[in-house]
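Have a look at the structure below before the remarks.
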Amino acid sequence: MGEPSGMTTIEVRGLTKRCGPQTVVDDLSFTVEPGHVTGFLGPNGAGKSTTMRMILGLTPPTSGSVRVGGREYGRLPVPLTEVGALLDAGALHPARRAADHLLAIALSNGIRRDRVGEVLQMVGLEKAARRRAGEFSLGMRQRLGIAGALLGDPRILIFDEPVNGLDPEGIRWIRGLMRSLAAEGRAVLCSSHLMSEMARTADHLIVIGRGRLLADTGMREFVRAARDEAAVLVRAAEPDALAGRLTAAGGAVRAGGDRSLLVSGLHAAEIGRLAASHGIALSELTPQTPSLEDVFMEMTRDHVDYEAAGHGGAERKGAAA
């Protein structure tokens, strides 16, 4: 692309936001690189939306700094041509027609008029251009918000929960769009609660909990590390005897369903050899493969602000961000 990497990155350094006694974002540092879809993950109240608002200059940080395209957002000459963002799909006038909504944004940013038709076509709303935004479904408003983010053909894109309200076709479309934008060398930061989608879309992950950084790593490395430590499901003719042998060999053993054992700290081959050496017959020896959701839930288990207490149970409430 011929551009310095700093012109297409988001750089967050020591970012902190306090609201009274509550620390919403706590000394957060990370970089969003060009050519990647970076998934921004965390439980409700983790500080994701607050961080995105600070990146875009909408919320002032208590301390720390953010650079987008090498500058503070407020110092960008024409922000929309460098950074496009969708934070709230409902942030539009319901009586304004879709094309007019985009035209107002374009004219205020010095963007040519015919770009409106181009982005409406990109997001599949060209036939709804004259419809009023108040008539749109949530999914259509999401598409309109994404069209607004794309108006200036920016090198950096920020999307907060962009798949909300989209049907399966729409989810597949936004997945392909984000990956194609990254393939063009753009930096894409996307938050989502749909772990299955992040697993198929993102190639890098930033995970935060209670405003603190928990992980900053590639998607493959994130899941691979968990797989290396994954449990092995074991069914044996003498489970109690095997459990004792496995524990003595350094494994961690817990009970599974139907008298099975879940063993961590030992590989399947080691478990099989140990059982054979003690004459214990095995009927199943299956390494468990954790999903992104499994790894995320385990990592953020101690960082949730709302936790269900079972079917119909109460919730534990903590600090909201």
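Taking segment 193-216 on its own, how many of its residues are crowded, with 22+ Cβ neighbours inside 10 Å and of a type in the set (S, T, N, Q)?
1
Only strands (runs of 3 or more DSSP E) wholly contained in segment 221-301 count here; list those with 2 or more residues that are among the hydroxyl-bearing types (Ser, Thr, Tyr) and in contact (Cβ under 8 Å) with a residue 12 or more places away in the chain.
282-287
Would it be correct to say that Arg179 is at pLDDT 95 or above, in a helix (DSSP H, G or I), among the basic types (Lys, Arg) and in the same structural domain as Gly39 (by TED's automatic domain parsing)?
In short, yes.
Go through segment 262-284 residue by residue and tally those that are over 33 Å from the mean Cα position of the chain (by Cα) and of a type in the set (A, V, I, L, M).
8
Residue check: is Thr31 in contact with a Ser or Thr (Cβ under 7 Å, 6 or more places away or on another chain), among the hydroxyl-bearing types (Ser, Thr, Tyr) and either more than 30 Å from Ser137 (Cβ to Cβ) or assigned to a helix (DSSP H, G or I) (or both)?
Against the criterion (in contact with a Ser or Thr (Cβ under 7 Å, 6 or more places away or on another chain), among the hydroxyl-bearing types (Ser, Thr, Tyr) and either more than 30 Å from Ser137 (Cβ to Cβ) or assigned to a helix (DSSP H, G or I) (or both)), Thr31 qualifies.
Only one of Ser260, Ser277 is farther than 30 Å from Leu177 by Cβ, touching a Lys or Arg at 6+ places or on another chain (Cβ under 8 Å) and either assigned by TED's automatic domain parsing to the domain that holds Thr38 or polar (S, T, N, Q) (or both); which?
Ser260
Please tell me if Ile158 is closer than 22 Å to Tyr73 by Cα, assigned by TED's automatic domain parsing to the domain that holds Val78, of a type in the set (A, V, I, L, M, F, W, C) and out of contact with any Cys (no Cβ under 6 Å at 6 or more places or on another chain).
Here the answer is yes, as Ile158 does meet what is asked.
So, in segment 129-146, how many residues would count as being under 13 Å from Asp100 (Cβ atoms) and in contact with a strand residue (DSSP E or B) (Cβ under 9 Å, 6 or more places away or on another chain)?
5
Can you name the residue in segment 4-26 that is more than 16 Å from Leu213 (Cα to Cα) and touching a Pro at 6+ places or on another chain (Cβ under 8 Å) and is also modelled with the highest pLDDT among such residues?
Ranking the candidates gives Thr9 first.
Mind checking which residues of segment 222-258 are farther than 15 Å from Ile280 by Cα, at pLDDT 85 or above and exposed (fewer than 13 other Cβ atoms within 10 Å of the Cβ)?
Within segment 222-258, Ala248, Gly250, Ala252, Arg254, Ala255, Asp258 meet the criteria.
Of the conditions (1) aliphatic (A, V, I, L, M); (2) surrounded by fewer than 22 Cβ atoms within 10 Å (Cβ to Cβ); (3) touching a Pro at 6+ places or on another chain (Cβ under 7 Å), Ala187 fails just one. Which one is it?
The single condition Ala187 does not satisfy is (2).
Within segment 202-251, count every residue that is touching a Gly at 6+ places or on another chain (Cβ under 7 Å) and hydroxyl-bearing (Ser, Thr, Tyr).
Qualifying residue count for the region: 0.
Identify, from the list Leu157, Leu138, the residue that is at pLDDT 95 or above and within 23 Å of His193 (Cα to Cα).
Answer to the selection: Leu157.
Please go through segment 16-28 and give me each residue that is assigned to a strand (DSSP E or B) and at negative phi, ordered by number.
Within segment 16-28, Thr16, Lys17, Arg18, Cys19, Gln22, Thr23, Val24, Val25, Asp26, Leu28 qualify.
The values are calculated or read from the model by the stated rules, or taken from the named source; none is laboratory data. Remember, predicted model here, so these are calculated numbers, not experimental data. Quick reminder, even Gly has a Cβ in these numbers, built from the backbone with ideal geometry, and neighbours come from all protein chains shown.
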